Amino acid sequence: MAMGPERGYLNTARTDVGQIDVGLRQYMLSVYNYMAGGLAVTGIIAFLIASSPSMQMTIWGSPLRYVAIFAPLAVVLFFSFRIQKMSFGAAQLTYWIYAALMGLSLSFIFLAYTGTSIARVFFITAGTFAATSLYGYTTRRDLTGVGSFLFMGLIGIILAGLVNIFIQSTALQFAISVIGVVVFVGLTAYDTQKIKEWYAAADDGATRGKKAIFGALSLYLDFINLFLMLLRLFGTSRS
């Protein structure tokens, strides 16, 4: 995902490196805090719904399941196209609404996989994400070309997933999951570098705050998709 000028951080003139570095650390900390908060909201809501048979039936046994499936996509598309015109408060509210809707959508994983395997894969995902994001933050290598290649891979995964809805191939699903892990690991590094560069391109506090929220959304999506790919590979089915 992209928003605003990119590749600006490395070339920005700096009169007070120490001050900018402190500001950058605070900015990145806010990005990770928003991301972690979004994951917490998603996880809590998903767990509460999965723990209530009546809620499960209300959502997944009725037309509401289509809301659970498609509402997060609608909100993230709205957010992506409208973020620059939103106020900072509206951007925050939209982000938390999206995280809550994702909890609704992801509640099915507690029904499909054992709690132990979900926890195990979550910690694997967290460790992988942390290492890859740290690489994206610290590397001096320009990851723009890698990001373009990974985006093409993402499109391929989406198309293959749509095809597999109809053919239901276990082998294709396995291939999608393996390739998906590679793609989202790479996107984590790419997005982290991109978010870092947004910091210098922001010309006021409100813009920087919105970019922090949008950056958190990018990393949130990388984490969730990496988690789901790994869960398909290593999760233990309840059936």
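Observations on the structure shown:
- Filter result (exposed (fewer than 13 other Cβ atoms within 10 Å of the Cβ) and under 21 Å from Thr128 (Cα atoms)) within the range 150-177: Phe174
- Note on the range 38-47: among residues that are out of contact with any Phe, Trp or Tyr (no Cβ under 9 Å at 6 or more places or on another chain) and touching a residue at least 40 places away in the same chain (Cβ under 8 Å), the one that is surrounded by the most Cβ atoms within 10 Å (Cβ to Cβ) is Ile45.
- Among the residues of the range 132-141, those that are surrounded by fewer than 17 Cβ atoms within 10 Å (Cβ to Cβ), of a type outside the set (A, V, I, L, M, F, W, C), touching a helix residue (DSSP H, G or I) at 6+ places or on another chain (Cβ under 9 Å) and part of a helix (DSSP H, G or I) comprise Tyr135, Tyr137.
- The set of residues in the range 85-94 that are within 19 Å of the chain's Cα centre (by Cα) and loosely packed, with under 15 Cβ neighbours inside 10 Å contains only Leu93.
- Every residue from the range 181-228 that is more than 9 Å from the chain's Cα centre (by Cα) and among the polar types (S, T, N, Q): Thr192, Gln193, Thr207
- Within the range 28-63, tally of residues that are in contact with a Leu (Cβ under 9 Å, 6 or more places away or on another chain) and either modelled with pLDDT of 90 or more or of a type outside the set (S, T, N, Q) (or both): 14
- Residue check for Ser80: surrounded by 13 or more Cβ atoms within 10 Å (Cβ to Cβ) and in a helix (DSSP H, G or I): yes
- When Thr144 is tested against (1) surrounded by 16 or more Cβ atoms within 10 Å (Cβ to Cβ); (2) at pLDDT below 90, only condition (1) is not met.
- Checking each residue in the range 41-77 for being closer than 28 Å to Ala119 by Cβ and not in a helix (DSSP H, G or I) picks out Ser51, Ser52, Gly61.
- Only one of Val146, Val181 that is assigned to a helix (DSSP H, G or I) and touching a Leu at 6+ places or on another chain (Cβ under 8 Å): Val181
- Ala206 being over 30 Å from Leu29 (Cα atoms) and either out of contact with any strand residue (DSSP E or B) (no Cβ under 8 Å at 6 or more places or on another chain) or assigned to a helix (DSSP H, G or I) (or both): no
The values are calculated or read from the model by the stated rules, or taken from the named source; none is laboratory data. The shown structure was predicted, so the numbers you read here are calculated from the model rather than taken from an experiment. We place every Cβ from the backbone using ideal geometry, glycine too, and count neighbours over all the protein chains shown.
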